[in-house]
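The structure appears right after this line, and notes come after that.
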Amino acid sequence: MTHDDRLFLVTGATGKTGSGTIDLLLRRGHRVRAMVHREDARSRSLAEAGAEVVVSDFHDLDGVAAALQGVTGAYLCYPIHPGLIEATTYFAQAATEAGVRSVVNMSQISARREAGSDAARQHWLSERLLDRTDLLTAHLRPTFFAEWLTSWWEVRDGEGYLRLPFGEGRHAPIASADQAHVIAAVLLDPEPHDRAVLTLHGPVELNHQDIARTMAGTLGFPVHYEPISVEEFASAMAERGLPAHLIQHLSNVAVDYRNGVFAGTNDNVEKIGHHAPLSVEQFVLANRPEFDTSGPYFAPAP
């Protein structure tokens, strides 16, 4: 256990990557400040674990500035909501004023100038904005999280279904807990990763037919991948009341996925985070109860 006096700010603190990062830092003896949107059971759990909890909003410049006072390094994680560029601008200005040394920025693998997704293009612009500061800056670009398999999962008549618009595209699903190892490692040692763009992948690249077969072998009942159109995917999200910004983003990254943008694998989790990432089989086993019922967003069969 370390006894240095550095203080790390984790935004998105009640989310999966944020809470995982806080857990790792606290267990290693570091001081952590958790920025949350509201006080609730999740924020109280962080406080009980030893984090200092502050309530603020990304679009409150004074609140962000207060959260960054005395901070050595910060994890910036903005949800797929409108306002990313403004939030990044506020964060960069407040961090500069506070003398923060480094930032780990959660971006997206689809972030690029020509992205069809508004959110992905805004992530690319936010990367460039942070690169123009004096902060030691690392950008993380994960492929699709393994947690997608629980969110877009349907159980019907004792069988599992993944109805998604991904065609024959491929990726190596990466669990949020594995990403947390990289985030914590870069926060603790930012110099080697300054201005780096780090893609994060799981250990094995698969298409969704492969994923369905792996899940079936692990769960012990049939699992089917049913390719659907992007239009049907968007319609299902709209019927569930998902925000227009999110629908526009996910519809466009579905096209990116088909075009290979999410493909590939590498050893960044092991090399940087000193941690072996979970395979699909291991993720399903570790989260077995979540596959007993349908997830919140599945596209129902017509």
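Results, tabulated for the structure shown:
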item	result
Residues within the stretch 1-38 that are over 18 Å from Ala95 (Cβ atoms), among the β-branched types (Val, Ile, Thr) and assigned to a helix (DSSP H, G or I), tallied	2
Helices (runs of 4 or more DSSP H) contained in the stretch 156-264 and holding at least 3 residues of a type in the set (S, T, N, Q)	208-219, 244-258
Where a residue in the stretch 240-260 is more than 12 Å from Ile80 (Cβ to Cβ) and charged (D, E, K, R) and its partner, wherever it lies, is part of a helix (DSSP H, G or I) and modelled with pLDDT of 95 or more, with Cβ under 8 Å and at least six apart	Asp256/Ala120
Top-ranked residue of the stretch 126-185 - restricted to ones that are touching a residue at least 60 places away in the same chain (Cβ under 8 Å) and among the polar types (S, T, N, Q), ranked as surrounded by the fewest Cβ atoms within 10 Å (Cβ to Cβ)	Ser151
Test: residue in the stretch 108-115 that is closer than 28 Å to Asp4 by Cβ and either acidic (Asp, Glu) or surrounded by fewer than 22 Cβ atoms within 10 Å (Cβ to Cβ) (or both)	no
Selection count where residues are of a type in the set (Val, Ile, Thr), closer than 22 Å to Ala216 by Cα and not in a helix (DSSP H, G or I), scope the stretch 105-155	1
Selection count where residues are in contact with a strand residue (DSSP E or B) (Cβ under 8 Å, 6 or more places away or on another chain) and assigned to a helix (DSSP H, G or I), scope the stretch 65-91	5
Options Phe166, Phe144, Phe221; residue that is among the aromatic types (Phe, Trp, Tyr), within 15 Å of Thr265 (Cβ to Cβ) and modelled with pLDDT of 95 or more	Phe144
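The values are calculated or read from the model by the stated rules, or taken from the named source; none is laboratory data. No experiment lies behind these values; they were computed from the predicted model shown. A quick note on method: Cβ atoms are made from the backbone with ideal geometry, for glycine too, and the neighbour counts reach across all protein chains shown.
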